[in-house]
Amino acid sequence: MEHTIRIAHQNAFAVVADHLRQLEYNHVLIVGSARSCRDTGIIEALRRHMPDIVIDQFGDFSPNPDFQEVWRGCRMLKKTDAAAVISLGGGTAMDIAKSMVGLHQLDEPAARNAIRNGGRDLSASTLSHIALPTTAGSGSEATHFAVVYLDGIKYSLASAHLMPTLSIIDGTLTRGMPRALAASSAMDALCQAIESYWAVAATKESMLYATRAIELLKHYMLPAINEQTSGAQNRIAEAACLAGQAINITKTTAAHAFSYYLTYQHGIPHGHAVSFCLPAVARVNYEAAEDFLTPGDLQARYQTLFQLTGVATLDEFIQWFKNLMGQIGLVTNPEMMGFDFDKEEQAFLRSVNLERLKNNPAPLDMKKFIQYFKENKHR
């Protein structure tokens, strides 16, 4: 099915109902926690719009999507015979829903093999997947990627068949986020946009998405998080989706590659973890003697990033980035969140996601990265 993005602030559930009526679907499975359903009022709203609708709900999953959780969702999907899936939540709910839509037509051994193969063998589903993000950061509503853990190993799936059918951006749905989550999510969107802009795989289209995301985040992040201004929250939700559209084309780079250890070993929220890594990566890339782009292209991209963020030099860019973290309540020293670099250096480096490193615009000098990462906490 074709993917459509709709901006529908304060009107998301009416758009969902219209979509279901057009398809003549009246049975849906909501993939989202009971709390998300309660806080957003989605079930009551859909029943007001569609009195005859049948609604089931699946929320039996953890923050790091595991195959057994996905497979329980697949069994429920088969049992209920729902015609549409609605993902309600952050990146985890959407990863679960994408995986369910992609895998439910298979038996369990075939589903396991599809995950091991990175989703390359998935086929189209007749199900409609409506994505309703309640966080403004992951951009998962605009990507064809999903993450699943199988037998303790993390697999990244990529398939056109994982793309939601309809993604609805409604800043109203993000207003229940705790401030810390809102801050981490917004920084995730900013890091995605910056990394997408300098990525090897960047295109004119992805750069337009990334540029607009950075502009919106620069102007609206502080009022959205610190003052919880509704208009600013709407813009941040749009920015997160734009950043998602950018990385859907390019994928992310080295800052994301290093971040996963901090999240999985220390429980540091994903966007915060990436934010710890991006300043050091930015410095290493900027100082690289060679890069993988056309001559002069990487430096030109940095100059555009400087212009977008209102700075003139790399040092100013990194200071702007760290100041922004502090202004929205995020610490800039990972040791304050339990990470001991001296003791964990080797485990940290071994954990790096090599696929993301391949998309980095310059060869990553590990010695310099370590130096700048360690220095970063003192600057």
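Tabulated data
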quantity: Folded to 0 to 90 degrees: helix 12-23 orientation relative to the chain principal axis, Cα; calculated: 50
quantity: Charged-residue dipole, Cβ positions (Lys, Arg, Asp, Glu), the stretch 93-224 about Cα centre, Debye nearest 20; calculated: 220
quantity: About the Cα centre, charge dipole magnitude for the chain (Lys/Arg +1, Asp/Glu -1 at Cβ), debye; calculated: 160
quantity: Selection from TYR149, GLY137, GLY118, by position along the positive dipole direction of the chain (Cβ); calculated: GLY137
quantity: In Hz, Karplus ³J(HN,Hα) per residue of the stretch 216-229 (6.51, -1.76, 1.60; θ = phi - 60°; x = Gly, Pro); calculated: 5, 5, 4, 7, 10, 5, 4, x, 5, 8, 7, 10, 6, 6
quantity: Relative contact order, percent, the chain [alpha-carbon distance under 8 Å, six or more residues apart]; calculated: 15
quantity: Amide proton proximity set for TYR155, modelled H, under 5 Å, gap of 5+; calculated: VAL148, TYR149, LEU150
quantity: Degrees, to the nearest 10: 366-376 long Cα axis against longest axis of the chain; calculated: 90
quantity: Residue-averaged [θ]222 nm for the chain, counting only DSSP H segments that reach four residues, each worth -39500 (n - 2.57); calculated: -17500 deg cm²/dmol
quantity: Rounded to 5, percent antiparallel among DSSP beta bridges of the chain; calculated: 20
quantity: Positive dipole terminus of the chain, leading residue within ILE55, ALA189, PRO363 (C-beta point charges); calculated: ILE55
quantity: FRET efficiency, SER351 to ASP56 (Cβ-Cβ, R0 30 Å, nearest 0.05); calculated: 0.20
quantity: FRET efficiency, GLU24 to SER156 (Cβ-Cβ, R0 35 Å, nearest 0.05); calculated: 0.50
quantity: Per-bin percent of Cα-Cα distances, the stretch 1-155 [10 Å]; calculated: 11, 44, 36, 10, 0
quantity: On Cα atoms only, tilt of 341-350 relative to the major axis of the chain in degrees; calculated: 60
quantity: Inter-site label distance for GLU227 and ARG47 at 7 Å from Cα along Cβ, in nm; calculated: 3.9
quantity: Relative contact order, percent, the stretch 297-379 [alpha-carbon distance under 8 Å, six or more residues apart]; calculated: 22
quantity: Under the Karplus curve 6.51 cos²θ - 1.76 cosθ + 1.60, θ = phi - 60°, whole-Hz ³J(HN,Hα) for the stretch 196-204, x wherever Gly or Pro sits; calculated: 4, 5, 9, 5, 4, 7, 4, 10, 4
quantity: GluC sites (Glu not before Pro) lying in DSSP loop within the stretch 9-83, provided at most 16 other Cβ fall within 10 Å; calculated: GLU24
quantity: Surface accessible to a 1.4 Å probe, per residue, for the residues of the chain, Å²; calculated: 41
quantity: Distance from the stretch 154-222 to the stretch 44-73 (C-alpha centre basis), Å; calculated: 24
quantity: Check: the stretch 287-379 dipole with +1 on Lys, Arg Cβ and -1 on Asp, Glu Cβ, in debye; calculated: 160
quantity: Carbon/sulfur fraction of accessible area - the chain, other protein chains in place, 1.4 Å, %; calculated: 49
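The values are calculated or read from the model by the stated rules, or taken from the named source; none is laboratory data. Here the structure is a predicted model, which is why all the values come from computation and not from measurement. Glycine gets a Cβ as well: all are built from the backbone with ideal geometry, and neighbour counts include every protein chain shown. For the accessible areas, the whole protein counts, side chains as well, though only heavy atoms, and no ligand, DNA or RNA atoms are used. Shrake-Rupley method; radii C 1.70, N 1.55, O 1.52, S 1.80 Å.
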